[in-house]
Ligand SMILES: NC(=O)C1=CN([C@@H]2O[C@H](COP(=O)(O)OP(=O)(O)OC[C@H]3O[C@@H](n4cnc5c(N)ncnc54)[C@H](OP(=O)(O)O)[C@@H]3O)[C@@H](O)[C@H]2O)C=CC1
Ligand SMILES: Nc1c(N[C@@H]2O[C@H](COP(=O)(O)O)[C@@H](O)[C@H]2O)[nH]c(=O)[nH]c1=O
């Protein structure tokens, strides 16, 4: 199950339990904040199937937590199973919860605890796990979400759709854009886009998370008043669709504002004026450009750390951005 975008303020985490022949016995993902962690979901499934005593190996995308937060420590839950080998995708960046790897390693029973990044041949998998945690890491360590800009350009390099249209890119690119909406916890837009496009900002080309929590829209607008120039009807429609709508007259404050709301990953869906401001303030972490061409659209991803910089956008790859 893909829970990317459903778990904020928690990270998205997965766990698989295997027997000593490497056969998957059970698996789990953390469905949402307050619900059991991935390890517990997998342990419960193994228990229900009557195979818990066969567990030999645990694969976890994130270091098992070692503290009692909303739920008890997963390190302890694993220690109460027959697990012997634990493979960890990424270290927990949260100082309050980390330490699970050492606890498992040091507990009586001689368990092997290995980080995927220690094995060069597993580098791709390790990077996927690092990408999965990077939005959460950014919020916990820097008090700001990971910010991805999505920009569609037509053949002439313009962002403005033809009259009467809101979009102009291919169905495959729109699906990619909606996968990004699904994976993120907030949308940052400009009042120009709201007034021109009357955007829906909903996830439509792919199924959205069932029962996903409120999702935030920040409208950048410096015209003053509690809701700036935002049309009342549009605001009501957004609320009905499950969005919490905020207004900001200072884009520079938006990352901290979103972090306070528990947003791990935000996307920018705004017009040329907003994107110019995002670029000038250097607020972005990665930038997804969809170039419309007269054949298949071309997708470019730029990151703040060069073309090979880590980006959670890699988690949206393979599925839908191929040519139609
Ligand atoms: N191709 C694509 O990917 C997309 C295209 N579009 C298109 O873009 C067009 C609209 O673009 P545009 O008119 O530029 O509008 P924007 O959506 O970029 O919004 C611009 C507004 O953002 C506000 N703003 C800018 N900088 C700041 C800041 N530092 N702090 C707070 N608010 C700020 C300004 O408000 P103020 O005026 O109060 O200063 C400005 O009017 C439409 O045609 C739409 O279809 C929209 C989204 C995506
Ligand atoms: N023009 C354009 C995009 N524009 C974005 O999509 C918004 C419309 O969303 P909705 O009302 O949900 O369909 C629009 O206001 C703008 O933010 N996106 C793209 O992937 N490709 C495109 O060609």
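Any read-out appearing in this document is the output of simple, stated calculations on the displayed coordinates, not a laboratory observation. Keep in mind that this is a model prediction, so the values were computed, not measured. Every residue, glycine as well, gets a Cβ built from its backbone with ideal geometry; the counts of neighbours run over all protein chains shown.
Numbers for the structure displayed
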item	result
Residue 239/residue 80 FRET efficiency (R0 35 Å; Cβ-Cβ; nearest 0.05)	0.20
Taking the convex hull of Cα positions in the range 220-324, its mean projected area over all directions (nm²)	9.0 nm²
Where labels lie 7 Å past Cα in the beta-carbon direction, separation of residue 229 and residue 206 in nm	3.4 nm
Gained length - residue 294 relative to residue 47, 0.36 nm times residue gap less alpha-carbon distance	83.5 nm
The chain: relative contact order in percent, alpha carbon pairs under 8 Å with at least 6 residues between	18 percent
Packing-based ranking, highest mean first, of 157-167, 189-199 given that Cβ atoms within 10 Å are counted	189-199, 157-167
DSSP-defined beta bridges in the range 178-324 - what % are antiparallel, rounded to 5	30 percent
Label point 7 Å beyond Cα of residue 118 along Cβ direction - residues of the range 35-75 with amide nitrogen under 11 Å	none
Förster radius 30 Å - calculated FRET efficiency between residue 106 and residue 71 (Cβ-Cβ, nearest 0.05)	0.85
Ratio Rg/Rh [Cα only; Rh per Kirkwood] for the range 108-247	1.08
Estimated FRET transfer efficiency when R0 is 35 angstrom, pair residue 273-residue 305 (beta carbons, to 0.05)	0.85
Cα pair distances of the range 169-208 binned at 10 Å [whole percent]	28, 51, 21
Computed over the range 1-103, Cα set: Rg, Dmax in Å	12.6, 36
Convex hull volume of the chain per residue (C-alpha atoms, cubic angstrom)	147 Å³
Debye intensity ratio in log₁₀ form over the Cα atoms of the range 29-78, taken at each q of 0.13, 0.20, 0.33 Å⁻¹	-0.29, -0.68, -1.39
Antiparallel bridge percentage (DSSP; both residues within the chain; nearest 5)	30 percent
Highest average packing first - 208-219, 60-71, Cβ atoms within 10 Å	60-71, 208-219
Binned Cα-Cα distance frequencies in the range 95-155 - 5 Å width, integer %	4, 13, 13, 17, 19, 14, 8, 5, 3, 2, 1, 1, 0
Scattering curve values for the range 193-280, log₁₀ I(q)/I(0), Debye with Cα scatterers, q = 0.16, 0.20 Å⁻¹	-0.69, -1.11
Rounded to 10°, Cα long-axis angle of helix 123-142 versus longest principal axis of the chain	70 degrees
Span per principal axis, largest first, for the Cα atoms of the range 52-178 (Å)	69, 32, 28
